[in-house]
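Undergrad: First the structure, then my questions, so here it is.
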Amino acid sequence: MSTDIGTPEFPSASFWGVVNCWSKPWEGVPVTLKQSFNARDEITFHVVVAAGYEPGLPSVQSQGVVTVAADASEASYTIPWEGLLDTVTKGVIRVWCSVASASGGAESRSRQAEVSYNRETPDGVCSPSDPQPVPRSPEH
């Protein structure tokens, strides 16, 4: 399996690489893989949301499969809130992708991307029921 298709990106992360209350994670966290895709290519987004930053800490895992409808220069997937993002308050999101080409051949794999994840605010934890974070700089 080759690892030559780039690294997934988190477009809703802050400049400092954090997905936080300002990102509204209850609406899902988008992940994009920029690469030339052909119609019917199948991209699997492998997601790990870990409660902390060290390997081996409690985590939840999921996979989302996207089939490209027409030739494209990127593929996107939204990490769901329920059962994944809602289970962790502060930690890290890790994503890597595998691509099965519609024309056959070996499956390709991306490098792993990682972003900090933090729903803590000075007044508690932000959630869909309390979506208004306390106004402060977006890096927190």
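Undergrad: I'd like to check one number: the per residue accessible area of segment 1-124, probe 1.4 Å, reported in Å² as a whole number.
TA: Averaged over the residues of segment 1-124, the accessible area is 51 Å².
Undergrad: Fully extended, how many nm does the chain gain between A72 and L57 (0.36 nm per residue separation, minus their Cα-Cα distance)?
TA: 1.7 nm
Undergrad: Per the Kirkwood treatment, what hydrodynamic radius in Å, one decimal, follows for the chain from the mean inverse distance over all distinct Cα pairs?
TA: Kirkwood radius, the chain: 15.7 Å.
Undergrad: Here's a follow-up. How many nm separate the modelled label positions at V125 and A39, each set 7 Å beyond the Cα in the direction of the Cβ?
TA: Inter-label distance under the simple model: 4.6 nm.
Undergrad: With the convex hull built on the Cα atoms of segment 71-127, state its orientation-averaged projected area in nm².
TA: In nm², the orientation-averaged hull projection of segment 71-127 is 5.7.
Undergrad: Would you work out what percent of the accessible area of segment 47-136, with all protein chains in place, is carbon or sulfur (probe 1.4 Å)?
TA: Here it works out to 47 percent.
Undergrad: When you have a sec, figure out the Kirkwood radius of segment 1-65 from all distinct Cα pair distances and drop it here in Å to one decimal?
TA: 14.1
Undergrad: Another one. At a 1.4 Å probe radius, which order do F10, F37, F15 fall into by accessible area, largest first?
TA: Descending order: F15, F10, F37.
The values are calculated or read from the model by the stated rules, or taken from the named source; none is laboratory data. The shown structure was predicted, so the numbers you read here are calculated from the model rather than taken from an experiment. Cβ atoms come from the backbone with ideal geometry, glycine included; neighbour counts cover every protein chain shown. These accessible areas exclude ligands, DNA and RNA; they are computed on the full protein's heavy atoms, side chains included. Shrake-Rupley method; radii C 1.70, N 1.55, O 1.52, S 1.80 Å.
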